[in-house]
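The values are calculated or read from the model by the stated rules, or taken from the named source; none is laboratory data. Source: prediction; values computed, not measured. Reconstructed Cβ throughout: ideal geometry from the backbone, glycine too, with neighbour counts over all protein chains shown.
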Amino acid sequence: MRKNIKDQENKDLHHEHHHTGLFSDRVELIFAVSCGIFTGLGFGLSKVGGLPSYVTIAIYCCAYFLGGFFTTKEAVESIAKGRFEIDFLMLVAAIGAAALGNWAEGALLLFLFSFGHSLEHYAMSKAKKSIEALASLAPKTALRKDGSQLKEVDISELSTNDVIVVKPNSKISADGIVIKGNSSVNQAPITGESVPVDKAPYEIEIDIEAAGKIDSKHRVFAGTINGNEALEIRVTKLAADSTISRLVKLVNETQTQKSPTQNFTDKLEKYYVPAVLILVVILLFAFLVIDEPFKASFYRAMAVLVAASPCALAISTPSAVLSGVARAARGGVLIKGGKPLEELGSLKAIAFDKTGTLTEGKPKLTGVYPLNGMTEEKLTEMIVAVEKLSDHPLADAIVKGGIEKLQHDVNPASDLRTFTGKGVEAKYDNKSILIGNAALFTEKEGQLPDDIKNQVADYESKGNTTMIVQLEKTIVGIITLMDVAREEAKATLTELQKLGISKMIMLTGDNQKVAEAIAKEIGITDAMGNLMPEQKVDAIEKLISSEKKVAMIGDGVNDAPAMAKSTVGIAMGAAGSDVALETADIALMADKLSNLPFAIGLSKKASGIIKQNLIVSLGMVVILIPLTILGIAHIGPAVIAHEGSTLVVVLNALRLLAYKK
């Protein structure tokens, strides 16, 4: 549904003039400057006595041609599409001035209008180049490995499962999995991460379909920069489907999607332009009511036409949106157009998925507690030895965490016996070791001692998964595991509070105790556990009814329904994830929660600049129209004020490109 809405928005994009080839922005600037030179020359020669008038008129005609060329071109393009825009209004005013013999004012109008437009196009192209730079990141060729030979090929010739070699300090040519070599990779062009990320080879056979689920330390993206060691990479995506290609495509599709403010200005223009034209027609006949010649009424009408042209208003929001989207992309955040850019900054509530968003997304060994004379080191060795034989996800966490604690490896146990969903039993040093949950011990050994039950209950109340360890017939320890909070989670949530986010809600399928324990640790205001995906959608609907607007941040896959229902859907760690890039309004390319305050801060700044631009553009119109109607301001001052306000709003919008994280 959301995609259909966005497709419709793309069909209704604001008309935008863009010059290429012989009609480039540089040529437009040259024409505008030349128009100014001829205007000045004509004005100077008009003061020379005895010079035939046709000489100055000829020079002014040159100025008209140079200043009116691009204005006429754009006016014709607009009329052909059934629209009467600012360019047409300016042409009418300039021709009207010439008809009255005011060649100098008409030429000045065209000079300032064309010069203002050329500088506006230059400024806007600067913002666009920040986005277009993405397209040039990926190299055009790759070193493909054919047997023992290396062959340089165009990236379009690469197929999935091809192996490419990336030399030290060179760009990576394709999305893929490292299969040989260890190196650090600068992922800033894709994810915005300032520190290079270590990459290691993935030594298991790769299923291309499941490549996106492989740990990020093995995955690389086209356009990122290899470190000091050579890498061999198995290609998992074609060039056209690479993360960088999809980014460029999505940014180009969404950068001009209309924001709420732009929709407002478009509606305003829809009624405003006809109203101005009606006013101008009425003013043309003012000589019938007041004692003045038709020439004076015509001149006043032309001055009002110039003053009332909504040029600054038309460009005020798109320029800010484009600059904001470009700055976000440079910081590793993909914002799909003006709507999410504006709305993100106005939010007071954010809902977070727990697993993988606020937490690491995988269990870690959080505690080893020896009992009955057992030492912590010996208990750790026992559990590592036994769990090495198991393929359970918790076993991997126990082995990894245990070896980190011991700082040395342990030989595996033997004779493994599995109790599905409850635990395992094995032989270590010829002794029987049983590791499992409380249910396993109640089933096998009868009632657990009260002190053990109390300890288990205490650990579980803090969000831990607990396992009891028994050596022969004696309970010798308890171990705890937990999906721990991200290191940056607490600091990030504190920063969000400073940015005005007053309500932060955790939505999770985990039990309520686990949710509350994590929430208390990191500063979440509300925790909602035991939720199925459809219940998360219900929770978002309730939040919207109470908070009006709410963002949902998750992994973009199982949270997609809730993200779609929210005001703004935010995907976490979206680099390489097709689903996340498609479903979210905003995608944090790096797997870093700390990028969220940057996105919200940028949104608030963009919203502020959009409001400033509206005040400047509407304020100038409100001031100029009465002044020109009363005859206090003429065409010359009106043009200067009109074009000056246009440049002010564009330059104000470009400040977003310099926004600091």
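Structure notes:
- Residues satisfying the stated conditions in the range 442-496, i.e. assigned to a helix (DSSP H, G or I), within 35 Å of the chain's Cα centre (by Cα) and either assigned by TED's automatic domain parsing to the domain that holds Glu387 or not acidic (Asp, Glu) (or both): Ala489, Lys490, Ala491, Thr492, Leu493, Thr494, Leu496
- Residue within the range 341-353 that is of a type in the set (Gly, Ala, Ser), farther than 21 Å from Leu651 by Cα and in a helix (DSSP H, G or I) present: yes
- Positions within the range 629-655 being farther than 14 Å from Ile315 by Cα and surrounded by fewer than 24 Cβ atoms within 10 Å (Cβ to Cβ), in sequence order: Ile629, Leu630, Gly631, Ile632, Ala633, His634, Gly636, Pro637, Ile640, Ala641, Arg655
- Some residue of the range 11-29 being of a type in the set (Phe, Trp, Tyr), at pLDDT 50 or above and within 46 Å of the chain's Cα centre (by Cα): yes
- Within the range 285-306, the set of residues being surrounded by 13 or more Cβ atoms within 10 Å (Cβ to Cβ), in contact with a helix residue (DSSP H, G or I) (Cβ under 8 Å, 6 or more places away or on another chain) and farther than 17 Å from Leu91 by Cα comprises Ala286, Phe287, Glu292, Phe294, Ala296, Ser297.
- Candidates Pro637, Pro626 - the one that is part of a helix (DSSP H, G or I) and modelled with pLDDT under 85: Pro637
- Selected residue (only one of Lys167, Lys180, Lys145 is without any contact (Cβ under 8 Å) to a residue 60 or more places away in the chain and either of a type in the set (Lys, Arg) or buried (at least 16 other Cβ atoms within 10 Å of the Cβ) (or both)): Lys180
- Scan the range 550-566 for residues that are over 24 Å from Lys213 (Cα atoms) and modelled with pLDDT of 90 or more and the total you get is 2.
- Filter result (outside any helix (DSSP H, G or I) and either exposed (fewer than 14 other Cβ atoms within 10 Å of the Cβ) or among the aliphatic types (A, V, I, L, M) (or both)) within the range 53-99: Lys81, Gly82, Arg83
- Scanning the range 439-456 for residues that are touching a helix residue (DSSP H, G or I) at 6+ places or on another chain (Cβ under 9 Å) and surrounded by fewer than 18 Cβ atoms within 10 Å (Cβ to Cβ) yields a count of 4.
- Some residue of the range 310-317 being polar (S, T, N, Q), over 14 Å from Glu643 (Cβ atoms), at pLDDT 85 or above and in a helix (DSSP H, G or I): no
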